[in-house]
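Undergrad: Before anything else, here's the structure in question.
The values are calculated or read from the model by the stated rules, or taken from the named source; none is laboratory data. Everything quoted here is computed from the prediction, not taken from an experiment. As a convention, Cβ positions derive from the backbone with ideal geometry for all residues, glycine included, and neighbour counts pool all protein chains shown. Surface areas here come from the heavy atoms of the whole protein model, side chains and all, with no ligands, DNA or RNA. Shrake-Rupley method; radii C 1.70, N 1.55, O 1.52, S 1.80 Å.
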Amino acid sequence: MRNFFLLLLSAVLFSCHQNDKDYPASEKKTGLDLEKIDFKEKPLEFLKSKIDSNVNYDSDYVKKGYSMPFDYPVGYKLDAWNGKDSYYGKAYYSKVIDSIAYYRNIYFNRIAFLTRNNKTVAILADAELKSDTVYNEFVKQLEKQFGKPAFSPQTTEDVFYEWSAKDRRIQINYSKGFSMEVISGKKTDLKQIFNMQMLIFNRAEAAKIDSIQQKNYAKTKEYKVMQGDFKLYKNDPQTNIILIDSILNEKFKQ
């Protein structure tokens, strides 16, 4: 499990709600319904003034020509995962806004869109949960909706799952850490926080990425992955033990 420590020098902490009872009836179900996305979403029209131009951007990379703002993956010329075709598309992130999206009773405070040839291929959403119990219940909910996960953790350190649906792959990842709130003249407030990411990827487009990575490995014998927030763990040897084992076994046989 990935742990992190987040320092907040502000009295205001962003949070999102996990239960319908947290919202008055007039405020329920606001934002983008992630369950109903059809990959026809237009990120720039949806985000407008909500876009955060500081994410998916590296000023040094821009100066050196490795990538331009919103390019995905960032620095694709420096880390050429697919040779001269390493540029994939554009990624647009929202600012942190309470309830910008939801999936049933889970509310998210940041979303991001990945596009290729000006068409949305994936949506990533971040939520701050109340407890790990909420995450476990969400896993059960998705199992009821989509069945047994197509990919699940292979170590005790990871907490992620992937489901395969008709036209999409759904991946959720969970991590926990601490936030520290510092206010002058008051006692420092340290509390545990629980974060979840949900990635919904167009199934056909995800398969193309997997195919590219495998074909490149067959040619070069070096398995390179398209890095970034939209990475599917099943396609990554660092999180897929079966994949890395097959790569290592092949190398040892040579």
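Undergrad: What is the helix-to-structure angle for 132-146, meaning the angle in degrees between its Cα long axis and the longest Cα principal axis of the chain, kept from 0 to 90 and rounded to the nearest 10?
TA: Here the helix axis deviates by roughly 60 degrees.
Undergrad: Still on this model: Determine the per residue accessible area of the stretch 57-199 with all protein chains present and a 1.4 angstrom probe, expressed in square angstrom.
TA: 49 Å²
Undergrad: While we're on this one: To the nearest 10 Å², what's Tyr76's accessible area with a 1.4 Å probe?
TA: Number for this one is 40 Å².
Undergrad: A follow-up question, please. Enumerate the calculated ³J(HN,Hα) couplings along the stretch 181-189 in order (Karplus 6.51 cos²θ - 1.76 cosθ + 1.60, θ = phi - 60°), each rounded to whole Hz, writing x wherever the residue is Gly or Pro.
TA: 9, 10, 10, 4, x, 10, 5, 4, 9
Undergrad: If you bin every alpha carbon distance in the stretch 129-254 into 10 Å steps from zero, what whole percent lands in each bin?
TA: Here the calculated profile for the stretch 129-254 is 11, 34, 29, 16, 8, 2, 0.
Undergrad: Hey, what's the stretch 203-254 come to in accessible area per residue, 1.4 Å probe, Å²?
TA: Solvent-accessible surface per residue comes out at 62 Å².
Undergrad: Please name whichever of Ala127, Ala207, Ser184 sits farthest to the positive end of the charge dipole of the stretch 124-232, dipole taken about the Cα centre and charges placed at Cβ: Lys and Arg +1, Asp and Glu -1.
TA: Selected residue: Ala207.
Undergrad: While we're on this one: Hey, which lysines would be in cross-link range of Lys215, C-alpha to C-alpha under 17 Å, not counting anything within fewer than 8 residues on its own chain?
TA: Lys84, Lys224, Lys234, Lys251
Undergrad: Another question, then. One quarter of the convex hull surface, Cα atoms only: what value does that give for the stretch 106-169 in nm²?
TA: Directional mean of the projected Cα hull area for the stretch 106-169 stands at 5.7 nm².
Undergrad: Enumerate the calculated ³J(HN,Hα) couplings along the stretch 153-167 in order (Karplus 6.51 cos²θ - 1.76 cosθ + 1.60, θ = phi - 60°), each rounded to whole Hz, writing x wherever the residue is Gly or Pro.
TA: Couplings: x, 10, 9, 7, 8, 9, 9, 9, 8, 9, 10, 10, 10, 4, 10 Hz.
Undergrad: How much accessible surface area, in Å² rounded to 10, belongs to the heavy atoms of Val74 with a 1.4 Å probe?
TA: 50 Å²
Undergrad: Where does helix 241-253 land angle-wise versus the long Cα axis of the chain, in degrees 0 to 90, nearest 10?
TA: 20 degrees
Undergrad: Continuing with the same structure: Using a 1.4 Å probe and counting only protein heavy atoms, arrange Leu124, Leu243 so the residue with the most accessible area comes first.
TA: Putting Leu124, Leu243 in descending order of accessible area: Leu243, Leu124.
Undergrad: Write down the radius of gyration of the stretch 167-216 and its Dmax, each obtained from C-alpha positions, in Å.
TA: Looking at the stretch 167-216, its Cα Rg and Dmax stand at 19.6, 60 Å.
Undergrad: Order Asp85, Asp71 by their accessible area, 1.4 angstrom probe, all chains in place, largest first.
TA: Accessible-area ranking of Asp85, Asp71, largest first: Asp85, Asp71.
Undergrad: Over the chain, with every protein chain in place, what whole percent of the accessible area is carbon and sulfur at 1.4 Å, could you tell me?
TA: Roughly 51 percent, rounded to a whole number.
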